[in-house]
Amino acid sequence: MLKLKQLFQTGSLIIVLFSLIGCASMGSGTVAEKRQAILTMQEQALTRLYREKPDTRSQVASSAGYAVFSNANINVIFFAAGTGYGVVNNNQTGAKTYMNMAEGGVGLGLGAKDYRIVMIFHTQAAMNYFIEHGWTAGGNADATAKAGSKGGSLDGEGYVGDVTVYSMTESGLALQATVKGTKFWKDKELN
């Protein structure tokens with residue numbers, strides 16, 4: 001009976017993971033509508049970041065470029081997965097590179113959350129490397145209990161070489177400590 005329960009849980013997790021990976025794109029709509037939805041999400045995330053950390057406005061303005069991503073993450077006991085989308089903005093050329101993301105990890109946790117990531121690239125080389133290679137790895141520990149403006153979360157910032165990363169929770173209920181990898185890649189349809 002225990003093995004059947006474990007098999008069911010593993011099968012359910014695999015279905016959820018593949019469903020999430022399939023959701024990495026923006027869904028239906030024209031290319032212009034999808035781009036506009038990403039730019040609207042970016043504007044909202046930056047407005048919140050500037051309100052909560054006013055010094056970031058000058059960091060973004062003086063950087064080589066920046067990226068903003070929307071991500072949905074789920075953690076079921078020992079496995080974590082998530083998908084999202086966003087855009088990298090080159091401050092020198094004005095070019096925008098639309099990208100998708102997917103993450104997977106192992107650790108202890110339970111829950112789901114919707115969050116935004118803002119990356120500030122301090123060098124052109126760091127931004128170009130991110131656009132072309134897009135891999136990151138790291139650990140994550142957080143507690144989230146948030147719906148709209150009610151509740152709270154432990155959000156933070158990190159530094160990876162020439163990149164500063166800010167994370168802001170939009171909503172969710174999660175308690176997790178995971179080691180995960182994230183893959184970012186260019187969206188062929190939107191670029």
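For the reader, a short list of remarks on this structure follows.
- Just one of the listed residues (Glu43, Glu52) is acidic (Asp, Glu) and modelled with pLDDT of 95 or more, namely Glu43.
- Residue in segment 55-67 that is charged (D, E, K, R), within 17 Å of the chain's Cα centre (by Cα) and either closer than 22 Å to Trp185 by Cα or modelled with pLDDT of 95 or more (or both) present: no
- Cross-chain or 6+ apart pairs with Cβ under 6 Å, segment 115-138 first and surrounded by fewer than 17 Cβ atoms within 10 Å (Cβ to Cβ) and in a helix (DSSP H, G or I), then of a type in the set (A, V, I, L, M, F, W, C) and modelled with pLDDT of 95 or more: Gln124/Ala64
- Look at segment 81-94: where a residue is free of Cβ contacts under 8 Å to residues at least 40 places away in the same chain and more than 17 Å from Gln42 (Cβ to Cβ) and a partner is part of a strand (DSSP E or B) and among the small types (Gly, Ala, Ser), sitting 6+ places away or on another chain with Cβ atoms under 8 Å, you get Gln92/Gly65.
- Against the numbered list (1) modelled with pLDDT of 90 or more; (2) assigned to a strand (DSSP E or B); (3) more than 12 Å from the chain's Cα centre (by Cα), Ala141 comes up short only at (1).
- Residues of segment 46-102 that are surrounded by fewer than 21 Cβ atoms within 10 Å (Cβ to Cβ), outside any helix (DSSP H, G or I) and among the small types (Gly, Ala, Ser): Ala64, Ala72, Gly94, Ala95, Ala102.
- Any hit, segment 73-81, residues being modelled with pLDDT of 90 or more and touching a strand residue (DSSP E or B) at 6+ places or on another chain (Cβ under 6 Å): no
- Hey, Ala37 in contact with a Gly (Cβ under 9 Å, 6 or more places away or on another chain), without any contact (Cβ under 8 Å) to a residue 12 or more places away in the chain and surrounded by 14 or more Cβ atoms within 10 Å (Cβ to Cβ) or not: yes
- In segment 108-137, the residue that is modelled with the lowest pLDDT out of those that are hydrophobic (A, V, I, L, M, F, W, C) and over 15 Å from the mean Cα position of the chain (by Cα) is Leu108.
The values are calculated or read from the model by the stated rules, or taken from the named source; none is laboratory data. The structure presented is a predicted model; accordingly, all values stated were derived computationally and were not measured. Positions of Cβ are backbone-derived with ideal geometry, glycine not excepted, and every protein chain shown enters the neighbour counts.
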